[in-house]
Structure formats: C-alpha cells, structure tokens
Amino acid sequence: MDLFSFIDCANRTQSLSDLFDLLVCSAAAEGFGEVAYGALNYEETVRLTELPMPAIALNFPLDWCKHYFQRKYHEIDPVVRRAAAHSGPFTWDQLLKQKGLQAAERSVIHESREAGLDHGVSVPLFGPSGRIAVLSFASRFADADPVRQTRHLHALACQFHVAFGALSRPVMDNTAIKLSLRERECLKWTADGKSSWDIGIILNISENTINFHLKKAMRKLGTNSRTVAVVKAIRLGLIEIPGLSGSSISEWIDGAD
C-alpha cells in the first residue's frame with residue numbers, strides 16, 4: 001500500500017484496532033510487520049492491548065511481550081530510554097553502536113533478536129506539552145534492510161500518530177481552526193520540502209517571520225512539530241497539496257523538523 005492509499009484509508013477509519021491493522025499491513029508490505037506503539041512520558045487511556053504502559057498497541061510475539069513486561073524491560077529498553085534524544089528515526093543497529101550504552105540495554109536488543117525481531121526501526125513522535133511517543137517497526141527477516149525502509153516507515157509512523165490522536169481524543173473541529181493566508185502558505189511550502197529560508201525567499205519575507213507563522217500554525221493545530229502540523233492540516237482539509245505524490249510525502253517528512 002502506497003502512502004496516499006494509507007492516508008486515505010486512515011482518514012476513513014473509525015476504529016483504533018482497524019487503524020493499527022492498517023499500519024501493520026502497510027509496514028508488512030515493506031518487510032517490517034512487527035509493530036509497537038507506546039507513550040513514553042504520559043498516560044494514554046485509549047489502548048489496544050491489556051499490557052502495561054508504555055504500550056498502547058503492539059503485535060510483537062506474545063512470548064516476547066510476556067517476557068519483556070515480566071522482567072520490566074521497558075525500564076531499561078534503550079528504545080524507550082533514548083528515543084527522546086533523537087530528532088528523527090533511528091535503527092536498533094545504530095543504538096548498539098552508541099558509546100555509553102549499558103550492558104542491560106544491549107541485552108534487551110540482543111534478546112529481542114533471539115525472539116525473532118531481527119531488525120528494528122524506531123520513530124520518536126513529539127506532541128504538545130512535551131509529550132513523547134515512539135513507534136517501532138521490526139522484521140522477522142534476517143536480510144531485511146532497515147536503512148533502506150526508514151524513510152517510508154517514518155512517513156507511516158507520522159500519519160498513524162496523527163490519525164490515532166484524532167480517533168482517541170474528542171474530534172477536532174476544523175471550523176474552529178482559522179489559519180491565516182500566510183500560515184497556510186508556509187505549511188504548503190513546508191510540505192513541498194522547503195526550509196524556512198527557502199520559503200522566505202519565495203514569499204519575499206524574512207526567515208524569522210516564516211518561523212513566526214509556522215509556530216502560530218503549529219500552536220493552533222496542537223503540535224510542536226512541523227511534520228505533524230502539515231499532516232493535521234491536510235487531514236482536516238485546511239490545506240491542499242495537489243502535486244504531492246507518495247514519494248514526495250516521504251521526502252518532506254524525512255527532511256522536516
């Protein structure tokens with residue numbers, strides 16, 4: 001399933017379980033069908049599992065999940081502990097190469113591989129009020145290439161995170177959100193992969209003014225992420241990106257923030 005199809009289906013999905021199944025199906029097409037979504041520093045009352053926090057939704061092997069939570073691995077899992085230090089997606093192999101990684105942290109990743117999760121990619125997701133979530137994709141295939149799939153999985157994660165938020169919280173009334181012309185223009189050019197400096201040149205205004213408009217748009221949309229602001233604006237019909245293809249979405253998500 002390409003990104004446009006995923007966005008369209010996610011926008012029409014009214015069930016959290018169906019939305020997660022959609023994500024799993026889309027990720028599995030890329031060889032990464034084992035998925036875990038968690039809230040790292042806040043309580044999410046809407047969940048798809050009976051597992052303790054930070055888990056919200058996951059389909060990792062049941063034996064591994066039981067072992068993981070019985071041993072309280074979420075307290076030493078480097079994905080959980082170190083996600084906030086990353087501004088973008090990272091592979092589990094990259095974590096293992098980090099200096100200062102504790103032996104217990106390394107053990108969690110090695111044991112996950114023994115449980116059949118050979119390769120992993122995690123995407124930190126930042127929300128309002130300092131909220132941090134993480135979405136991890138893992139593969140059961142020894143020859144999977146997480147680096148090659150990172151951009152696509154990053155795009156899926158951002159789309160899922162926004163759609164999940166829309167379903168799990170009171171419906172956001174897009175009629176109550178008024179974006180100015182400048183705010184809409186800045187978001188559209190952001191979706192086109194332009195930096196604040198680029199947009200300033202295009203609109204003939206200063207880079208600081210562009211950042212001001214983008215921050216106002218992000219505040220109105222309830223996020224501190226340009227990426228999520230664009231996704232929400234598109235989802236709510238506040239901006240339209242006629243020429244944005246599936247690959248373009250991956251590119252601007254990969255380069256944003």
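The values are calculated or read from the model by the stated rules, or taken from the named source; none is laboratory data. These figures come from a predicted structure and were not determined experimentally. Cβ atoms come from the backbone with ideal geometry, glycine included; neighbour counts cover every protein chain shown.
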Open item on the list: Give me the residue from the stretch 144-157 that is surrounded by fewer than 24 Cβ atoms within 10 Å (Cβ to Cβ) and not aliphatic (A, V, I, L, M) and, out of that set, farthest from L236 (Cα to Cα).
Closed with: D145
Open item on the list: Can you confirm whether R148 is over 23 Å from V108 (Cα atoms), in the same structural domain as S26 (by TED's automatic domain parsing) and out of contact with any helix residue (DSSP H, G or I) (no Cβ under 6 Å at 6 or more places or on another chain)?
Closed with: yes
TODO: Please find, among F164, F160, F141, F137, the residue that is under 30 Å from H74 (Cα atoms), surrounded by fewer than 17 Cβ atoms within 10 Å (Cβ to Cβ), among the aromatic types (F, W, Y) and assigned by TED's automatic domain parsing to the domain that holds R12.
DONE: F141
Open item on the list: I want to confirm something. Restricting to the stretch 125-134 and keeping residues that are touching a helix residue (DSSP H, G or I) at 6+ places or on another chain (Cβ under 7 Å) and at pLDDT below 95, which single residue is surrounded by the fewest Cβ atoms within 10 Å (Cβ to Cβ)?
Closed with: I132
Task: Of the criteria (1) more than 17 Å from the chain's Cα centre (by Cα); (2) surrounded by 19 or more Cβ atoms within 10 Å (Cβ to Cβ); (3) under 21 Å from F164 (Cβ atoms), which one Y68 fails - done: (3)
- [ ] Kindly state which helices (runs of 4 or more DSSP H) lie completely within the stretch 109-212 and contain at least 2 residues that are more than 29 Å from V80 (Cα to Cα).
- [x] 181-191, 196-203
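Table: residues versus (1) modelled with pLDDT of 95 or more; (2) outside the structural domain of S136 (by TED's automatic domain parsing); (3) of a type in the set (D, E, K, R); (4) closer than 23 Å to Q149 by Cβ.
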| position | (1), (2), (3), (4) |
| --- | --- |
| C9 | no, no, no, yes |
| S26 | no, no, no, yes |
| M53 | no, no, no, no |
| D77 | yes, no, yes, yes |
| H86 | no, no, no, yes |
| L95 | no, no, no, yes |
| Q98 | no, no, no, yes |
Task: Matching residues in the stretch 31-65 - criterion: being of a type in the set (V, I, T) and crowded, with 19+ Cβ neighbours inside 10 Å - done: V35, I56
TODO: Only residues that are part of a helix (DSSP H, G or I) and surrounded by 12 or more Cβ atoms within 10 Å (Cβ to Cβ): list them for the stretch 71-87, please.
DONE: Y73, H74, P78, V79, V80, R81, R82, A83, A84
Open item on the list: What's the number of the only condition in (1) of a type outside the set (A, V, I, L, M); (2) out of contact with any Phe, Trp or Tyr (no Cβ under 9 Å at 6 or more places or on another chain); (3) within 25 Å of I132 (Cβ to Cβ) that K66 fails to meet?
Closed with: (3)
Task: the stretch 88-108: number of residues that are in contact (Cβ under 8 Å) with a residue 40 or more places away in the chain and in a loop (DSSP other than H, G, I, E, B) - done: 2
- [ ] Just give me the residues in the stretch 32-52 being in a loop (DSSP other than H, G, I, E, B) and either touching a helix residue (DSSP H, G or I) at 6+ places or on another chain (Cβ under 7 Å) or within 21 Å of A83 (Cα to Cα) (or both), in sequence order.
- [x] F32, G33, L40, N41, Y42, E43, E44, V46, R47, L48, L51, P52
Task: Selection from the stretch 202-234 of residues that are under 20 Å from the mean Cα position of the chain (by Cα) and of a type in the set (V, I, T) - done: T223, T227, V228, V230, V231, I234
TODO: Among the numbered conditions (1) under 19 Å from K220 (Cα atoms); (2) free of Cβ contacts under 8 Å to residues at least 24 places away in the same chain, tell me where A163 comes up short.
DONE: (2)
